[in-house]
Amino acid sequence: MKKKSLRNLKDLAENGFILPSEIEHLEPVIDQFSLALTSQMQQLIDKTDKNDPIRKQFIPSTEELTIKDEERHDPIGDDIHTKVKGLVHRYPDRCLLMPIQMCPVYCRFCFRREKVSLTHETLSKEELKIAYEYIDNHPEIWEVILTGGDPMMLKPAILKKIIDRINIIPHVEIIRIHTRVPVVASDHINHDMTQALQCNKTVYIILHANHPNELNQDAEEAICMLINAGIPILSQTVLLKNINNNIDTLSTLMKRFVKLRIKPYYLHHPDLAKGTSHFRVTIKEGQKLMKDLRGKFSGLCQPTYVLDIPGGFGKIPIGPNYISEEKCDYCVEDYQGNKHKYKKPLAK
């Protein structure tokens, strides 16, 4: 019999993920930040290892009660770019549409952790209509990104209605779906779901996974089903302290993506979400990891290391710089760290 998803501390204790004595200390955490753990993720956690990389992503910790001065309620500035409920228009040619704020699991480092799981944030038919009208009236929008929450939590029939409505907007050419479902609740990926994604537009999936342990056989089968249905998949990963901030784990994850026909896309520097300082690494450390990845592994395995500037100013690449300008030449660094001169073109 399939295990149920766990959504409270008592369930976690009864299933051996925390001690009963920890419940009282963790209640203030759950009062602020939601908890959900799918059966698939339960099976991947080594209960004997407090540092298990799946455990650290999903099981609450009292460290979340430490709120740093620099941390924010809205770390990437969604609110200031929200045009109508559930629609964020930050960049000229694309917008986010968030039809649902529910997720199958709740990541302890989530940048929307104070909004996800709120049922009143799920868009009604009337609110969706208003969002569609906004997109209709903004011909500069070339791409609509379905996110949330996790849009693949929706029933296929409901998701299909959303995709079909976007499909009829002439100036929208790309539909992108951000999801964790294929790796945390793989049974949601079935024939009905792949059919729901079919339309006249180009549909991309951006799959969130942070550790190679997440890519078990169930996840691989779900990913294969989507790709074989003609849906290209790219990855996004958050660089997380004591989870994937070492070259062995990071390179293994990127190579697994490529083997599964997923193109590594983004490696996110952790956002300044409240109560997440124990997950954050330094930018310098992230840049060193990117240098190691570039120097030792295939170009197919290279994501773009990005920072979402706090306050809503957008993402920027923050990877290492390999070139510096000198008086008469450039100085370029190779993948082994050796420096070389590269002549500037002569002025005409």
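Every number here is computed from the coordinates shown, using simple stated rules; none is lab data. Given the structure is predicted, the values throughout are model-derived calculations rather than measurements. Heads up, the Cβs are rebuilt from the backbone with ideal geometry, glycines too, and the neighbour counts pull from every protein chain shown.
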Quick one: compute a quarter of the convex hull surface over the Cα atoms of the stretch 9-65 and quote it in nm².
3.6
Over the chain: helical MRE at 222 nm, DSSP H runs n ≥ 4 each giving -39500 (n - 2.57), nearest 500:
-8500 deg cm²/dmol
Value of relative contact order over the stretch 65-182, rounded to a whole percent, pairs C-alpha under 8 Å and six or more apart
27
Greater than 26 Å separation of Cα atoms is the criterion. Which listed pairs, Lys3/Lys47; Lys10/Lys161; Lys3/Lys274; Lys83/Lys161, meet it?
Lys10/Lys161; Lys3/Lys274
By how many nm would the segment from Glu220 to Ile80 grow when fully extended, if each residue of separation counts as 0.36 nm and the alpha-carbon distance is taken off?
46.6 nm
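What is the Cα radius of gyration of the stretch 230-290 over 2.2 N^0.38 Å, N being its residue count? Before the final figure, lay out the partial values.
Numbers: Rg = 12.6 Å, N = 61, 2.2 N^0.38 = 10.5 Å.
The stretch 230-290 yields a ratio of 1.20.
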Can you compute log10 of I(q)/I(0) for the stretch 79-317 with the Debye formula, treating each Cα as one identical point scatterer, at q = 0.08, 0.12, 0.17 Å⁻¹?
-0.29, -0.68, -1.39
By how many nm would the segment from His73 to Thr119 grow when fully extended, if each residue of separation counts as 0.36 nm and the alpha-carbon distance is taken off?
14.7 nm
Sorting Met225, His278, Ile177 by the position of each Cα along the dipole of the chain (Lys, Arg +1; Asp, Glu -1; all at Cβ), the one nearest the positive end of that ordering is Met225
Suppose each label sits 7 Å from its Cα in the direction of the beta carbon; what would the Asp31-Asn242 distance come out to in nanometres?
2.5
Using Cα-Cα distances under 8 Å and only pairs 6 or more residues apart, what relative contact order does the chain have, in percent?
15
Measure out, as a whole number of angstrom, how far apart the alpha-carbon centroids of the stretch 19-73 and the stretch 191-245 sit.
24
Kirkwood estimate for the stretch 263-333, i.e. one over the average of 1/r between Cα atoms, Å
13.9
Pairs over 23 Å Cα to Cα, from Lys56/Lys160; Lys201/Lys255; Lys241/Lys284, come to Lys56/Lys160; Lys201/Lys255
Kindly provide the Kirkwood hydrodynamic radius of the stretch 1-95 in Å, to one decimal, from all pairs of distinct alpha carbon atoms.
15.9
